[in-house]
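What follows is a set of notes on a single structure, which appears directly below.
The values are calculated or read from the model by the stated rules, or taken from the named source; none is laboratory data. Please read all numbers here as calculations on a predicted model, not as lab measurements. Every residue, glycine among them, receives a Cβ derived from its backbone with ideal geometry; neighbour counts consider all protein chains shown.
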Amino acid sequence: MPMIKFVKEKKEIEVPQGACLRREAIGAGINLNCGVNGIGQSVNKYVNCGGKGMCGTCRVLITQGMENTNPLTKREWFQFKTPFHDPVPCLAYIGHEDAMRLACMVKVNGDIEVESCPEFNLFGENFFS
Ligand code: FES
């Protein structure tokens, strides 16, 4: 059975093949619906789209084992690459194109390592380049 390692929370859980990352995190008592750099995290824990890939608040970084997940979904593509409806997910995606996913859209097919609530730096080297 696949293992998910939550780096910041220092927690490892075993999940069924094809499990939803967000659902398994909730079951383990981990909130992946974060705000912007921690602001709004307590609100987003309860005010979110419920795992439909619509709000973009469950952003995570898959720091290891991206190959053990499903490919980027259309809803993730919409959240990360179309800034018109909500610029926050798009700004967060910059510089994390190889690792950022929406936890509610990730199917876990093998061992992965997850960084929850990734911060984004608007003034980082990637933003204005
Ligand atoms: S919970 Fe809303 S996008 Fe994942």
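Being away from the ligand (no atom under 14 Å from the Cβ) and outside any helix (DSSP H, G or I) is the filter here; which residues of region 39-53 pass it?
Ile39
Could you grab the pairs with beta carbons closer than 7 Å, sequence gap of 6+ or different chains, first residue in region 1-15 and modelled with pLDDT of 95 or more, second one basic (Lys, Arg)?
So the pair list comes out as Glu12/Lys5.
Among the residues of region 91-118 satisfying the criterion of being β-branched (Val, Ile, Thr) and more than 9 Å from the chain's Cα centre (by Cα), which is modelled with the lowest pLDDT?
Taking region 91-118 and keeping what is β-branched (Val, Ile, Thr), we get 94, 106, 108, 112, 114.
Going one step further and asking which of them are more than 9 Å from the chain's Cα centre (by Cα), we end up with 94, 108, 112.
Values: Ile94: 88, Val108: 98, Ile112: 98.
By that ranking, first place goes to Ile94.
Can you give me the number of residues within region 24-43 that are closer than 18 Å to Ile62 by Cα and exposed (fewer than 15 other Cβ atoms within 10 Å of the Cβ)?
The qualifying residues number 2.
So for region 36-49 (the condition being modelled with pLDDT of 95 or more and among the basic types (Lys, Arg)), does at least one residue qualify?
no
Name the residue that is nearest to the ligand (Cβ to nearest atom), counting only residues in region 79-111 that are more than 19 Å from Val36 (Cβ to Cβ) and among the β-branched types (Val, Ile, Thr).
Restricting to residues being more than 19 Å from Val36 (Cβ to Cβ) and among the β-branched types (Val, Ile, Thr), the top hit is Val106.
For region 74-105, enumerate the residues that are in contact with a Lys or Arg (Cβ under 9 Å, 6 or more places away or on another chain) and within 25 Å of Met3 (Cβ to Cβ).
Matches in region 74-105: Glu76, His96, Met100, Arg101, Leu102, Ala103, Cys104, Met105.
Let's see how each residue does on (1) touching a Gly at 6+ places or on another chain (Cβ under 9 Å); (2) within 15 Å of the ligand (Cβ to nearest atom); (3) under 16 Å from Ile112 (Cβ atoms):
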| site | (1), (2), (3) |
| --- | --- |
| Cys34 | yes, yes, no |
| Asn37 | no, no, no |
| Cys55 | no, yes, no |
| Cys58 | yes, yes, yes |
| Ile62 | no, yes, yes |
| Thr69 | yes, yes, yes |
